[in-house]
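Okay, so here's the structure we're looking at.
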Amino acid sequence: MGRSRPVPLGRWVALVAAVVLFLEAVGIALLNWFLGMVVDRQDMSLAGLDPRAMTVSTWIAGVLFGLYLALCGLVLVFTSVRDRGPSGLGRILLITAAVVHGVLGAFCVGIVGWSAFAFMMVVLGLIVLTLMAYEPPGAAVTGGGAGKETPSGGAPQPV
């Protein structure tokens, strides 16, 4: 019997990040649903806005942000299954998710606390580690030599 090939770290990181983003998507959607119910039951108004409009807009925001996070999780699942880095729109989605988690993490320190900040930074780290574990598609693979090649194609010259 031969030895089985170890599973690359990038594949596991992408899978864990996908699970975390799916859980976060559900959590964000439920949080916005709850906040919408609170606004509706308290009959709150902000600057004369209709309370029902605030409730519905909170629910819509929760669904949209939850779908965005779930889509990012789906990109990470595909990355893990194919064991190849995301390209195009998938890569852009993951970069924007990393930026969103960085900004929200900064806000979380003052508003929610250090535990929320730590969670946001863990998710940010998982996304960035996934992006860094795989070379971007179309990236030129260079030789191992340091220096510039001569125009005639000879040996590399020191820089």
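Is it the case, given these coordinates, that Leu89 is modelled with pLDDT of 95 or more and either acidic (Asp, Glu) or farther than 18 Å from Val122 by Cβ (or both)? It is false that Leu89 is modelled with pLDDT of 95 or more and either acidic (Asp, Glu) or farther than 18 Å from Val122 by Cβ (or both). Just so you know, in the stretch 81-94 the residues that are assigned to a helix (DSSP H, G or I) and open to solvent by 10 Å² or more (accessible area, probe 1.4 Å) include one that is farthest from Ala25 (Cα to Cα), and it is Arg82. Considering (1) modelled with pLDDT of 95 or more; (2) among the aliphatic types (A, V, I, L, M); (3) open to solvent by 70 Å² or more (accessible area, probe 1.4 Å), the lone condition that Ile111 does not fulfil carries the number (1). Hey, can you tell me all the residues within the stretch 19-31 that are in contact with a helix residue (DSSP H, G or I) (Cβ under 6 Å, 6 or more places away or on another chain) and either open to solvent by less than 30 Å² (accessible area, probe 1.4 Å) or more than 18 Å from Val100 (Cβ to Cβ) (or both)? Answer for the stretch 19-31, where residues must be in contact with a helix residue (DSSP H, G or I) (Cβ under 6 Å, 6 or more places away or on another chain) and either open to solvent by less than 30 Å² (accessible area, probe 1.4 Å) or more than 18 Å from Val100 (Cβ to Cβ) (or both): Leu21, Glu24, Ala25. When only residues in the stretch 39-61 that are at pLDDT 90 or above and β-branched (Val, Ile, Thr) count, which is surrounded by the most Cβ atoms within 10 Å (Cβ to Cβ)? Among them, the one singled out is Thr58.
The values are calculated or read from the model by the stated rules, or taken from the named source; none is laboratory data. Quick caveat: nothing in here was measured; it's all calculated off a predicted structure. Cβ: placed from backbone, ideal geometry, glycine included. Neighbour counts: every protein chain shown. All accessible areas refer to the heavy atoms of the entire protein, side chains included, with ligands and DNA or RNA removed. Shrake-Rupley method; radii C 1.70, N 1.55, O 1.52, S 1.80 Å.
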